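Notes to accompany the following structure.
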Amino acid sequence: MMKFVRAFILVGMLLLTACSASSEVMETEAVSEGSLTEGITETEQLTESVAETETASETEWVNPALLPVKLSERDISGYSVSGSVIVYDEETDTRTMYVGEITDKEEIAEVAEFIALTEALPETDTREFYGVNIGCDVSLTLTDVLGNRYAYNEVRFTENGSEASYLLRHGVYGKDTVCVRSEGEEEYSLYALMERLIAKEENVSEREEYDVQSYSTDIALITEYRNWAWGYQHSGNVIDMSGNVYSYDFGAENYNGEEIDSDEEFISALMEICSEGEPDASDSSITDTLKKIRELADGADRKAKMISESYACDAGQHTIYAVTSDYKLVTICSDGDSIITSTDENALEIQRLCGEIGIH
């Protein structure tokens, strides 16, 4: 009996020893695997992390909260940034469009920080962006390490006497659209960033200057219809200060088949029509009203917020612009796919006067 007990104890001790040895081996292997993980290079970790995010979100952008780490503090050599900005010079009364590409690594990191900062703001309805104004003076395109492109546009406006802006991002295939609102701090201004970076001599690839004082015809009002639903349509009427009415058509079959993408080009093309053609109609009885409209336009806040009230689908957009004495457009009202009303008191009065002379 004693031999049996001794044998049992001996077997138990052998089993305990074996288990202990097995546990030590497993711990050693775990430590080894941990060391191996720590040995992965920072670039490989970034690539793996981005790939996992892309797989999970199907080409949507990474979590904005992670952008400073992924772009600014890591390897951003695989990213590229291009864009454009229109800069106004008050002394010469000219506007210059700069188009270029940012290649300096520190400047790309600065753009990355801006993206991270703004996209971390609370999201707002994208319709707010389109309700502020029709044109943008700045754009940015960022291409990530996987070749995905993200386009950013900003509109700035005044509201209750304070500067504010909306930044809109279009992601891959339009699946990753985000709009954020910010107040007037420069750290949230895409325009200030691109004016400083794109307009630099070493970054500019194209430059085009518009001299707004070179026009001769005195345009007071412009009516416009645009629609992209069934081919590009862009037509309307021009009323000069003498009450002469001219029609124009810059649709897909006209104007070299190209879309007009700036206020300067739009006004220049209209001036050419007015100076070379005969008016379709004329009404000298409205000249006094047109003078009032001009005075109101000169005092209007061109960056005032526009309120969007409702939306349709594929109806196109009818817009009325007043033209200032220095040939800048003031958006008065717009309706169609979106019904837009200005918050500026002068613009509201111009809208009322337009109704009096039959312009709707």
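Bear in mind that the values in this text are calculations on the coordinates, not laboratory data. Since the model is a prediction, treat every value here as computed from it, not as a measurement. Positions of Cβ are generated from backbone atoms using ideal geometry, with glycine treated the same way; all protein chains shown enter the neighbour counts.
Computed packing ranks the peptides 78-90, 347-359 as 78-90, 347-359, most packed first, by mean other Cβ atoms within 10 Å. Spin-label model, E356 to Q233: label points 7 Å out along the Cα-to-beta-carbon direction sit 3.2 nm apart. Rounded if a/c is under 1.5, else prolate if a/b is larger than b/c, else oblate: which is the range 219-356, with a ≥ b ≥ c the root eigenvalues of its Cα gyration tensor? Since a/c reaches 1.5 but b/c is at least a/b, the shape of the range 219-356 is classed as oblate. For A220, the residues whose amide H sits under 5 Å from its own are I239, D240, M241, ignoring neighbours fewer than 5 places away on the same chain, with H placed 1.01 Å from N. Taking the number of Cβ atoms within 10 Å of each Cβ as an exposure proxy, the fewest-first ranking of I293, I102, I320 is I320, I102, I293.
Couplings for the range 339-346, taken from phi via the Karplus curve 6.51 cos²θ - 1.76 cosθ + 1.60 with θ = phi - 60°, read 9, 10, 10, 6, 8, 7, 5, 5 Hz in order; Gly and Pro are left as x.
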